[in-house]
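Some notes on the structure that comes next.
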Amino acid sequence: MTDSANGGCNRPPVCDDRRMERTDDDDAADDAVRRAYDTVADAYADAFTSTEPELPVDLAMIEHFVSLLAEPRDVLDAGCGAGRMMPLLAGLGCRVQGVDLSPGMIQRAQRDHGQFPSRVAALTDLPLPDGVLSWYSTIHTPDGELPGVLTELRRVLRPGGHILLAFQSGKGVTDVSPAYRDRGHDVTLRRHNRSADRVAAELRTVGMEKVALLERAAASHERTAQAVVIALRPA
Ligand SMILES: C[S@@+](CC[C@H](N)C(=O)[O-])C[C@H]1O[C@@H](n2cnc3c(N)ncnc32)[C@H](O)[C@@H]1O
């Protein structure tokens, strides 16, 4: 099959506008992440009120992403958590709304950043903007579920729209529960590490074109390398 014959995708199966079927395992994984973030919502929101952990180069990727968006620059902060990135996006000229799986995180987003609409929704069931910011919100998505999430992120974008994903760069799965348990939160939370190239390849399979990749080493306040990928939904 040629590229144009299948809508610009090199590989099937998900380069169309249908949602992927979800399994009971997918629902169970979402439930676990939702429970964990409901538990740590206040601690997370108090610890990270703005862009304290980000480096200038991370924020530069967000500025580049916003510069690529058509007016009116409707951006969905997909996995917005307690909403700390929404003022940044609004300050860059975006009309921003947030969604997150965790009602506890959304409660804090509405309390702390109530000027921006936010509501509970999963990365596999989203509304329709010029840009989607997924700032560390796919890090708990297992590899097998990533195509379904990326398909949905692409589906909800306008043609010509852009997506930005940020995540810890690396391989394998990291149990991040101890970091929370040390602070008294009884949660189970795993992080799925991936390289920027790997995520760009996954995006390609769902019909998104790579625009910019950042891979950077861990800064002194971090334990892991970080990555940012910007991709385009072709018009
Ligand atoms: C590490 S936090 C990042 C939150 C925010 N983007 C930030 O940078 O502060 C991960 C967030 O992604 C959300 N999340 C994880 N999986 C999700 C999914 N499948 N659908 C919607 N939100 C999800 C979690 O509830 C959590 O609020």
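The values are calculated or read from the model by the stated rules, or taken from the named source; none is laboratory data. On a predicted model such as this, the values are computed, not experimentally measured, just so you know. Note that we place each Cβ from the backbone using ideal geometry, even for glycine, and neighbour counts take in every protein chain shown.
Computed values, structure above
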item: Where VAL96 falls short, out of the listed (1) modelled with pLDDT of 95 or more; (2) farther than 20 Å from ARG233 by Cα; (3) aliphatic (A, V, I, L, M); result: (2)
item: For PRO234: the one exception among (1) within 19 Å of LEU101 (Cα to Cα); (2) modelled with pLDDT under 95; (3) part of a loop (DSSP other than H, G, I, E, B); result: (1)
item: Residues located in segment 110-127, provided they are more than 19 Å from ASP30 (Cα to Cα) and either in contact (Cβ under 8 Å) with a residue 40 or more places away in the chain or in contact with a His (Cβ under 9 Å, 6 or more places away or on another chain) (or both); result: ASP112
item: Any hit, segment 75-90, residues being within 16 Å of the ligand (Cβ to nearest atom) and touching a residue at least 60 places away in the same chain (Cβ under 8 Å); result: yes
item: Strands (runs of 3 or more DSSP E) contained entirely in segment 136-209, each with at least 1 residues that are more than 15 Å from the chain's Cα centre (by Cα); result: 173-175, 190-192
item: Condition met for ARG190 (near the ligand (Cβ under 10 Å from one of its atoms), crowded, with 16+ Cβ neighbours inside 10 Å and either closer than 25 Å to ASP42 by Cα or of a type in the set (A, V, I, L, M, F, W, C) (or both)); result: no
item: SER67 vs. criteria over 17 Å from the mean Cα position of the chain (by Cα) and either away from the ligand (no atom under 14 Å from the Cβ) or over 27 Å from ARG155 (Cβ atoms) (or both); result: yes
item: Every pair of residues 6+ apart whose Cβ atoms lie under 8 Å, when the first sits in segment 30-52 and is within 11 Å of PRO103 (Cα to Cα) while the second is within 8 Å of the ligand (Cβ to nearest atom) and in a helix (DSSP H, G or I); result: TYR37/TYR44; TYR37/MET105; ASP38/MET105; ALA41/MET105
item: Considering residues of segment 100-143 that are closer than 24 Å to ARG158 by Cα and of a type in the set (Asp, Glu) only, the residue surrounded by the most Cβ atoms within 10 Å (Cβ to Cβ); result: ASP100
item: Unmet requirement for GLN97, which otherwise passes all of (1) under 23 Å from ALA225 (Cα atoms); (2) more than 13 Å from the ligand (Cβ to nearest atom); (3) touching a Phe, Trp or Tyr at 6+ places or on another chain (Cβ under 7 Å); result: (1)
item: Segment 40-64, residues that are part of a loop (DSSP other than H, G, I, E, B) and either within 12 Å of the ligand (Cβ to nearest atom) or touching a helix residue (DSSP H, G or I) at 6+ places or on another chain (Cβ under 9 Å) (or both); result: PHE48, THR49, SER50, THR51, GLU52, PRO53, GLU54
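For (1) at pLDDT 95 or above; (2) under 23 Å from GLN226 (Cα atoms); (3) acidic (Asp, Glu); (4) touching a Gly at 6+ places or on another chain (Cβ under 8 Å), each residue gets a yes or a no:
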{"position": "ASP31", "(1), (2), (3), (4)": "no, no, yes, no"}
{"position": "ASP38", "(1), (2), (3), (4)": "yes, no, yes, yes"}
{"position": "GLU52", "(1), (2), (3), (4)": "no, yes, yes, no"}
{"position": "VAL57", "(1), (2), (3), (4)": "yes, yes, no, no"}
{"position": "ILE62", "(1), (2), (3), (4)": "yes, yes, no, no"}
{"position": "PHE65", "(1), (2), (3), (4)": "no, yes, no, yes"}
{"position": "ARG73", "(1), (2), (3), (4)": "no, no, no, yes"}
{"position": "LEU76", "(1), (2), (3), (4)": "no, yes, no, yes"}
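For every residue, the table says whether it meets (1) farther than 19 Å from ALA45 by Cβ; (2) within 9 Å of the ligand (Cβ to nearest atom).
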residue	(1), (2)
ARG119	no, no
GLY131	yes, no
PRO147	yes, no
VAL156	yes, no
ALA166	no, yes
